[in-house]
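Comments concern the structure below.
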C-alpha cells in the first residue's frame with residue numbers, strides 16, 4: 001500500500017529485533033499500510049537520537065512521525081490508531097474499546113512478565129513461575145472464547161500486544177524445552193497463535209526462528225537479562241509487601 | 001435504556017479519586033457505592049472478576065475496570081470539558097505522563113511507604129528524583145500539566161501528590177518541599193484551590209491515621 005497523505009510523511013521506528021514491544025508497533029504500522037524506516041538500536045550502545053527522543057526512559061520502541069517522537073508501545077499504538085484511521089485496531093464502540101484496552105493491559109502487565117519469568121527461571125523457580133504463567137494464560141484463553149482473534153475477525157490491539165505469546169514465546173520455549181504454553185493445555189489460544197502468526201501484517205515482521213533460538217540458549221536460564229527488559233520487569237518482580 | 005452511572009469505590013483508594021474528579025469535572029451524575037474491601041460485594045466480584053478491585057464504573061449496566069481505561073472511557077462518552085488534548089501527538093504526550101505516574105511514581109511511592117528505617121531516606125530521594133523529572137519535563141512553566149486548565153495528567157499527579165503528602169507524614173520525611181520543587185509545590189496549591197477538587201479531596205487526617213495503622217500492621 002502506498003503511504004497516505006499528499007506528501008510523503010516521515011515515519012521512523014527505533015527498535016530492537018527481539019523486543020515484542022517493538023513488534024507491536026511494527027504490526028500496527030503494517031496493518032495500516034504505513035511505510036516506515038526501521039532503525040535497529042544496539043542496546044549496549046544506544047544512539048544519541050534514541051537518548052534525545054526518549055530522555056526519560058532511554059528505551060525502544062520510539063516512533064518518530066514528522067520529527068516528533070512518541071514513546072511507550074501502548075501509547076504508540078493509540079497514536080497510530082488515532083492518526084491513521086484506516087483498518088482500525090480498536091473497536092469504535094466506547095465500551096468495546098474499553099474492553100480491548102483492559103485486555104491489552106492485562107496481556108502487557110500480567111501475561112508477558114509471567115511468561116518472560118519462566119524463560120529466565122532457575123530450575124528451583126521454574127515450577128512456581130510456570131504455575132503463575134498457566135493461571136494468566138487460562139484467563140486469557142477464557143477471554144478469547146470462540147473468537148478467531150481477540151479483535152474478532154481481524155487482529156486488533158489485544159492480538160497485537162499479545163504478539164509474544166503468538167509467536168516468539170513458542171519458539172523460545174521449544175528451544176529451552178519448557179512446557180508452559182501447550183496445545184493440550186490451551187487449545188483455543190494455540191489455534192489463535194497459529195492464525196495470528198500467519199496474518200500478513202504479522203508475518204512481515206517476525207524475527208527469523210533460528211536467530212531467535214540462538215538468542216536464548218539454555219545457558220541463559222537464571223542469568224541476568226538484557227537491560228532493556230530488566231528495568232521494565234524489575235518493578236513487576238519486586239512487588240510491595242502488601243497492596244494498598 | 002438505563003443511562004445510569006455508578007461508581008464502586010473505597011474511600012482510601014487513590015484511583016477512585018481519579019475517577020470521581022473526572023466525573024465531577026464533566027458534571028456527570030453518578031451513584032457512589034462504598035465497598036467494604038475486606039468483604040467485597042457480589043456485584044464487585046461479578047463486575048471485575050479478573051482483578052476484584054475498585055474503582056469500577058458501571059454505565060448503563062456495563063462495567064468498566066482499571067482506572068486508566070475508565071478515564072479514557074469517560075473522556076470518549078462525555079467529550080465536553082475535555083480532559084485530554086484533541087491533537088494525537090499532544091494526547092500521546094499526556095498518555096506518556098499518565099503512564100509515568102501510574103507506573104514509576106506509584107512504584108516509588110510504594111517503596112517510600114514501605115521501606116524501613118534503613119531504606120527510607122534513599123526511597124525518599126528516588127521519589128524526589130521522579131517528581132523533579134515531572135516538574136521539569138511534564139509541568140515546565142505551565143500553570144497546570146494541561147496548560148491553562150486541568151486535564152487528566154493533572155488529575156493523576158494530584159492523586160499521587162495527596163498520597164505522597166500523606167506518606168510524608170506517616171514516614172516522617174518531607175519530599176515535596178517548596179525549596180526543592182518550587183513549581184510543583186505551586187501547582188499543588190493551585191490544584192487544591194480549583195472548586196470541584198477542593199470539595200472532593202480525601203480527608204487528610206483520616207488518611208494519615210489509616211495509613212499509619214496499615215504501615216505498622218500490614219495485615
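The values are calculated or read from the model by the stated rules, or taken from the named source; none is laboratory data. As the structure is a prediction and not an experimental result, all values here were calculated from the model. Neighbour counts run over all protein chains shown; Cβ positions are idealised from the backbone, glycine included.
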Practice problem: Please work out if residue B:18 is part of a loop (DSSP other than H, G, I, E, B), under 22 Å from residue B:192 (Cα atoms) and more than 10 Å from chain A (Cβ to nearest Cβ). | Solution: no
Exercise. Could you tell me which numbered condition residue A:71 fails, if it satisfies all but one of (1) within 28 Å of residue B:51 (Cα to Cα); (2) in contact with a strand residue (DSSP E or B) (Cβ under 8 Å, 6 or more places away or on another chain); (3) more than 9 Å from chain B (Cβ to nearest Cβ)?
Key: (3)
Practice problem: Take segment A:159-195 and flag every residue that is over 17 Å from the mean Cα position of the chain (by Cα), crowded, with 18+ Cβ neighbours inside 10 Å and either assigned to a helix (DSSP H, G or I) or outside the structural domain of residue A:126 (by TED's automatic domain parsing) (or both). | Solution: A:175
Practice problem: Please note which helices (runs of 4 or more DSSP H) are completely contained in segment B:151-219 and include at least 3 residues that are touching a residue at least 40 places away in the same chain (Cβ under 8 Å) and either within 14 Å of chain A (Cβ to nearest Cβ) or in contact with a helix residue (DSSP H, G or I) (Cβ under 9 Å, 6 or more places away or on another chain) (or both). | Solution: B:152-171, B:182-193, B:204-216
Quiz item: Taking segment B:37-53 on its own, how many of its residues are touching a residue at least 24 places away in the same chain (Cβ under 8 Å) and away from every other protein chain (no Cβ under 14 Å)?
Solution: 3
Exercise. Within segment B:23-44, work out how many residues are over 18 Å from residue B:62 (Cβ atoms), surrounded by fewer than 16 Cβ atoms within 10 Å (Cβ to Cβ) and more than 19 Å from the chain's Cα centre (by Cα).
Key: 3
Quiz prompt | Evaluation of residue A:113 against (1) over 27 Å from residue A:87 (Cβ atoms); (2) more than 14 Å from chain B (Cβ to nearest Cβ); (3) touching a residue at least 40 places away in the same chain (Cβ under 8 Å) (one fails), failing number | solution = (2)
Quiz prompt | Options B:62, B:3, B:52; residue that is farther than 26 Å from residue B:198 by Cα, out of contact with any strand residue (DSSP E or B) (no Cβ under 9 Å at 6 or more places or on another chain) and modelled with pLDDT under 95 | solution = B:52
Quiz item: Does residue B:124 satisfy being more than 10 Å from every other protein chain (Cβ to nearest Cβ), in a helix (DSSP H, G or I) and buried (at least 20 other Cβ atoms within 10 Å of the Cβ)?
Solution: yes
Exercise. Mind listing whichever residues of segment B:54-93 are within 9 Å of another protein chain (Cβ to nearest Cβ) and more than 19 Å from residue A:100 (Cβ to Cβ)?
Key: B:89, B:93
Practice problem: Read through the list (1) more than 14 Å from residue A:13 (Cα to Cα); (2) within 11 Å of chain B (Cβ to nearest Cβ); (3) out of contact with any strand residue (DSSP E or B) (no Cβ under 6 Å at 6 or more places or on another chain), then give the number of the only condition that residue A:86 fails. | Solution: (2)
Practice problem: Output the number of the condition that residue B:134 fails; it satisfies all remaining conditions of (1) in contact with a strand residue (DSSP E or B) (Cβ under 6 Å, 6 or more places away or on another chain); (2) surrounded by 20 or more Cβ atoms within 10 Å (Cβ to Cβ). | Solution: (1)
